[in-house]
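Reviewing the structure listed below.
The values are calculated or read from the model by the stated rules, or taken from the named source; none is laboratory data. Note that the structure is predicted; figures quoted are calculated from it, not measured. Here the Cβ is made from the backbone with ideal geometry for all residues, glycine too, and neighbour counts use every protein chain on show. Quick note on the areas: whole protein, heavy atoms, side chains included, nothing else; ligands and nucleic acids left out. Shrake-Rupley method; radii C 1.70, N 1.55, O 1.52, S 1.80 Å.
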Amino acid sequence: MAVAVAVAWLIGYSVHQSRSYDEQLRAQLAVQIAARAVAAERLSIARELHDMVAHTIGIIALQAGAAARVVGTQPESARQAMLAVESASRETLAGLRRMLVALRESGDEQEQNGQGALGAPLAPAVGVADVERLAAETTAAGVKVEVRWEGERRPLPPEIDLSAFRIIQESVTNVVRHAGTDTCEVTVAYLAQSLAISVTDRGPGAGSTASTGFGLTGMRERVALLHGEFSAVPRPEGGFRVAARLPIPPVPAPSGAQPDPTGAR
């Protein structure tokens, strides 16, 4: 009887210990998942801040320099340049304000629900459709940006749309700051299963690859998260080329749709 009681106690104790250990493992796993989610969210915020601010500062520097050079001889041109500086500054301040509001709301929701609001929009939605506006702003600042579209334009998933625009924006910013040229070319190609983008320049400077900060790293990270391809290399004919190919997930068929028995497309 004593042996049976001891064996039963040992079995019960072992089961209890096993359950406690499993609960500890689940708790540790939950903490690790939450920590990774927070780190990913912080990285996303850092990329958005960098891309938004770096481009605006580059445009402001160009416009302010142009105004300083002609303020004595061409006051109207200097006035237009300073108005462009004001416009770019206000736009970026508005974007930063929206981002901070979104972060504050995300923090309030986290306190109320005990969890983060990952995936909340941190900035006004931008995408490939804004490339023409980006080109116009940069051209007005003194670096002509030619945009070439290929393929049939169609709606893109939000994460691909945003990442494509940010990669183009950062590449153009680096051309403005480092390439030593007054022109560059942006190509956006809508392919069957992917979106291909490239930014090329013919400048003698270091171009887009001169980024020693977080710009080039951020572009690589964006592409890697979308399982795409990225390159930033010198061109044989001179200048640099930044290129990315972002796969576009297939659009799911509507529920209830019947496949075509003939196989027609």
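Based on what the data block shows, is GLY95 at pLDDT 75 or above, touching a Pro at 6+ places or on another chain (Cβ under 9 Å) and over 18 Å from GLY65 (Cα atoms)? Criteria not met by GLY95.
Return the residue satisfying two criteria in turn: it lies in the range 210-250 and is modelled with pLDDT under 55 and outside any helix (DSSP H, G or I), and of such residues it is least open to solvent (accessible area, probe 1.4 Å). I'd like the intermediate steps shown before the answer.
Step one: list which residues in the range 210-250 are modelled with pLDDT under 55, which gives 210-213.
Right, trim to outside any helix (DSSP H, G or I) and you get 211-213.
Working: SER211: 24, THR212: 139, GLY213: 43 Å².
Here the answer is SER211.
In the set (1) at pLDDT 90 or above; (2) open to solvent by 70 Å² or more (accessible area, probe 1.4 Å); (3) of a type in the set (A, V, I, L, M, F, W, C), ALA253 fails one condition alone, (1).
Where strands (runs of 3 or more DSSP E) fall wholly inside the range 124-206, the ranges with 3 or more residues that are over 21 Å from the mean Cα position of the chain (by Cα) are 144-150. When every residue of the range 160-178 is checked against the conditions, none turns out to be surrounded by fewer than 19 Cβ atoms within 10 Å (Cβ to Cβ) and at pLDDT below 90.
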